[in-house]
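The values are calculated or read from the model by the stated rules, or taken from the named source; none is laboratory data. This one's a predicted model, so the numbers in the text were calculated from it and none came from an experiment. FYI the Cβ positions are ideal-geometry reconstructions off the backbone, even for glycines, and counts take in every protein chain you see. Please note that ligands, DNA and RNA were not included when accessible areas were found on the heavy atoms of the full protein model with its side chains. Shrake-Rupley method; radii C 1.70, N 1.55, O 1.52, S 1.80 Å.
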Amino acid sequence: AMLRASLRQVSAALKEGRVTPTELCQRCLALIKSTKFLNAYITVAEETALKQAEESEERYKRGQPLGILDGIPIAVKDNFSTAGIETTCASNMLKGYISPYNATVVQKLLDQGAVLLGKTNLDEFAMGSGSTDGVFGPVRNPWSYSKQYKEKSVPKSHSEDEESNWVITGGSSGGSAAAVSSFTCFAALGSDTGGSTRNPAAHCGVVGLKPTYGLISRHGLIPLVNSMDVPGILTRCVDDAAVLLGSLAGHDPKDSTTIQDGFKPFELPNLTDVSKLSVGIPKEYHAPGLSSEILALWSKAADLFKNAGAKVVEVSLPHTPYSIVCYHVLCAAEVASNMARFDGLEYGHRSDMKDSTESMYAATRREGFNDVVRGRILSGNYFLLKQNYEKYFVKAQKVRRLIANDFVKVFRSGVDILLTPTTLSDAAPYTEFIQEDNRTRSAQDDILTQAANMAGLPAINVPTALSERGLPVGLQFIGRSFQEKQLLTVAKWFEKQVQFPVIQLEEVKRHDADVFQHQKSASFS
């Protein structure tokens, strides 16, 4: 039961001595082993984690814990630099690479006594929306093995049930979402460039927070798109996301894009009266391909706010239809620039080709990157060619400004928060997902999430209900810039109303895993 508790509950249990950091760490490590088939982790830092847990235990014995995160097991997406632990970005290019320093967010967690269990799986260099394209193989969604899903899915045969009926986690932070969802850690870091934290959070039934751009340091996060990347937070409840945000936010001299002002951590109030709240429903988010099930849930959520006394208004973000094309042009252009550093000369993979520096450079990149990464580099360099620069890159930057202005106008009109779907549908079966190429899939899956990255706004996925197939569906709240407290307060109120059911994990017997269940609370559907 302890593994399903919130951060505050576990912190209280550690202080009271009901459980020790070492016991907690060992239980999580045992669970990682028994759920290995999910492929959520690339590296499990067992020795380091146990050492950190022992140090935490000593602090508790002295009555001097470092704070609420002391002794709490967490996981980190494998595109954050970690000193002494491999950072691969799920690529051949960085396989075996050990960073000499910690990313700022990792260092902040360690400074507060958190126990780093390991590095989680992702799409190669975080380019994807399924966590299916990394060199270590795809991540399986824990809900594929849940009682809720198994009761609803009718396999044609026993072998099909186990081998091809599992569903994806979403991406690119699928490993972190699966790790939190399967109780192997209490919180995890992801990254969010176009929805890479919120998308897997929706598919795995966890909370996924993308903070305002510049609120959390990107130093040590291996960059994808510098102007949109933000570290994301994955937890099992909104309160936990607020705790982690309080630990990570604030100025970092190593990242010039972070805010200059100090950040004051906050405790979320229990909102009882929403009558002063104005909730905007952007009509453009009724996008092509949105499932009728999610549309009905979105509408039901809007009614929930209306019936509680909030003002619910339809709003327009007129440039939304252009945002996905604009996003892909800017994304590819920045990727082409960022990936130039991987040349086989300084770090990472180096080809054995010795004919010339140019041939070694070309062979290194051919061997080190998959087709998806190479494709984005190619298109990015095309957009940045002298004859194309104005036509693609500059035009996309202008459209990005218009998209950001749409949000500014809506929030100036008196709207406090926007309510939208997070994904077009529930999680797709793996066999179905891989029928389409990465670019097509990303264009579909990012459609509801990437506009918040283009505008630099905070957004959160809140698990809302189970689909007819017994899989999680989430809704997204988008807030005003740097108004995380308001965003999380509303998200917490909504979370309390919907009472999302807890996963009842029935591990597949052939994987020799424990069966552990949890009573589900009243469902929203």
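Stretching the chain fully between residue 443 and residue 46 yields a gain of 139.2 nm (0.36 nm per residue, less the alpha carbon separation). For the stretch 172-221, the fraction of C-alpha pairs more than 15 angstrom apart is 41%.
Within the stretch 307-423, the ratio Rg/Rh, alpha carbon atoms throughout and Rh by Kirkwood, equals 1.20.
For the stretch 419-436, the Karplus equation 6.51 cos²θ - 1.76 cosθ + 1.60, evaluated at θ = phi - 60°, returns couplings of 10, 9, x, 9, 10, 6, 7, 6, 5, 7, x, 3, 4, 7, 4, 7, 5, 9 Hz by residue, with Gly and Pro reported as x.
Heavy atoms only, probe 1.4 Å: what % of the accessible area of the stretch 222-265 goes to carbon and sulfur, would you let me know? Don't skip to the answer; put the middle values down first.
Numbers: 810 of 1550 Å².
Here carbon and sulfur together make up 52 percent of the probe-accessible area.
Summing Cβ point charges (Lys, Arg +1; Asp, Glu -1) relative to the Cα centre of the chain gives a dipole of roughly 1100 debye.
For residue 65, neighbours were defined as the other residues whose beta-carbon sits under 15 Å from its Cβ, and their charges (Lys and Arg +1, Asp and Glu -1) total -1.
Label-to-label distance for residue 300 and residue 355 is 6.2 nm, based on points extended 7 Å past Cα in the beta-carbon direction. Normalised by the number of residues in the chain, the mean separation of alpha-carbon contacts (under 8 Å, six or more apart) gives a relative contact order of 17 percent. Of the peptides 304-313, 384-393, the order by per-residue mean of other Cβ atoms within 10 Å, starting with the highest, comes out as 304-313, 384-393.
What pairs from 254/386; 264/306; 210/398; 36/300; 264/311 go past 26 Å between their alpha carbons?
Numbers: 254/386 32 Å; 264/306 32 Å; 210/398 24 Å; 36/300 37 Å; 264/311 29 Å.
Going by Cα-Cα distance, 254/386; 264/306; 36/300; 264/311 fall outside the 26 Å limit.
Ranked by solvent-accessible area (1.4 Å probe, protein heavy atoms only, all chains present), the residues 124, 46 order from largest to smallest as 46, 124.
Estimate the FRET efficiency between residue 431 and residue 101 by the formula 1/(1 + (r/R0)^6), using the beta-carbon distance for r and 56 Å for R0, to the nearest 0.05. Numbers along the way, then the final one.
On the way: r = 41 Å, r/R0 = 0.73.
Given R0 = 56 Å and the Cβ-Cβ separation, E is 0.85.
Of the residues 96, 204, 41, the one whose Cα sits farthest toward the positive end of the charge dipole of the chain, with +1 on the Cβ of Lys and Arg and -1 on the Cβ of Asp and Glu, is 204.
Considering only protein heavy atoms, with the full assembly of protein chains and a 1.4 angstrom probe, order 495, 267, 58 by accessible area, largest first. Mind dumping the intermediate values first?
Working: 495 45, 267 130, 58 90 Å².
Ranking 495, 267, 58 by accessible area, largest first, yields 267, 58, 495.
Within the same chain, aspartates and glutamates fewer than 8 places from residue 119 are excluded, and of the rest, those with a Cα less than 15 Å from its Cα are 46, 47, 78, 86.
Of the peptides 446-458, 349-361, how do they stack up when ordered by the mean number of other Cβ atoms within 10 Å, highest first?
Values: 446-458: 26.2, 349-361: 13.2.
Sorting 446-458, 349-361 by mean packing, highest first, produces 446-458, 349-361.
Taking a probe of 1.4 Å, how large is the accessible area per residue of the stretch 263-340, in Å²? Kindly include the intermediate steps, with their values, before the conclusion.
On the way: 3790 Å² over 78 residues.
Roughly 49 Å² per residue, with all protein chains present.
Estimated at the nearest 10 Å², the accessible area of residue 482 is 100 Å² with a 1.4 Å probe.
Remind me, what semi-axes does the stretch 106-243 give for its equivalent ellipsoid, largest first in whole Å, using sqrt of 5 times each Cα gyration tensor eigenvalue? Numbers along the way, then the final one.
Working: eigenvalues 155, 54, 32 Å².
Computed over the stretch 106-243, the values are 28, 16, 13 Å.
The Cα atoms of the chain give a gyration tensor whose axes a ≥ b ≥ c have a/c under 1.5, which makes the shape rounded. Remark: spin-label model distance residue 385-residue 367 equals 3.0 nm, labels positioned 7 Å along the Cα→Cβ axis.
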